[in-house]
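The values are calculated or read from the model by the stated rules, or taken from the named source; none is laboratory data. Source: prediction; values computed, not measured. We place every Cβ from the backbone using ideal geometry, glycine too, and count neighbours over all the protein chains shown.
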Amino acid sequence: MLRVRSMKSRQRGLTMFGFLFTAVVLVMIVMLAMKLVPAYIEYFSVKKILSTMGQESDLKSKSNTDIRQDFARRANVGYVTVVKPEDIAVDRHGAVPVISTEYAYRTPLVGNVSLVVDFSASSDPNAAAVEVE
């Protein structure tokens, strides 16, 4: 009898309920990651495009239309689909124009539940976001 009791106390492992709970949690985390990673990749592409445009020497001489067309060309090359040239705001109150955008990335999650992430990017990291013209 003593021998049986000691074997029970030494048993280790995962029960079926514990395994299913762990599997469901891991599937949910993987599903969220699969939905969020493309959004953040696109955000970092937009951020890189805006910072590169903000460092150009001829930015002061470009019109807002030229800036938007330049963004459209760069976004096409960088596979940016969420931000359109019309979503770009250009603030010319400072010495150097500041190009910024605010947008929401929406993707369906499960059924009628969607995941929405708000992003804001600017050519000047210290600048506040400007309303879209």
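Here are some notes:
- For S123, the conditions (1) at pLDDT below 95; (2) surrounded by fewer than 18 Cβ atoms within 10 Å (Cβ to Cβ); (3) small (G, A, S) are fulfilled apart from (2).
- Qualifying position, being at pLDDT 90 or above and in contact with a strand residue (DSSP E or B) (Cβ under 7 Å, 6 or more places away or on another chain), among K48, K35: K35
- Filtering K35, K60 for residues that are assigned to a loop (DSSP other than H, G, I, E, B) and basic (K, R) leaves a single hit, K60.
- Within segment 60-77, considering residues that are basic (K, R), farther than 30 Å from L32 by Cβ and surrounded by 13 or more Cβ atoms within 10 Å (Cβ to Cβ), the one nearest to the chain's Cα centre (by Cα): R68
- Taken together, V110, V116, V80, V90 contain a single residue that is at pLDDT 90 or above and surrounded by fewer than 15 Cβ atoms within 10 Å (Cβ to Cβ), which is V116.
- Within segment 32-59, the residues that satisfy the criterion of being among the small types (G, A, S) and surrounded by 12 or more Cβ atoms within 10 Å (Cβ to Cβ) are A39, S45, S51, G54.
- Verdict on I49 being within 30 Å of M31 (Cβ to Cβ), in contact with a Gly (Cβ under 7 Å, 6 or more places away or on another chain) and hydrophobic (A, V, I, L, M, F, W, C): yes
- Selection within segment 70-116 - outside any strand (DSSP E or B) and of a type in the set (D, E): D70, E86, D87
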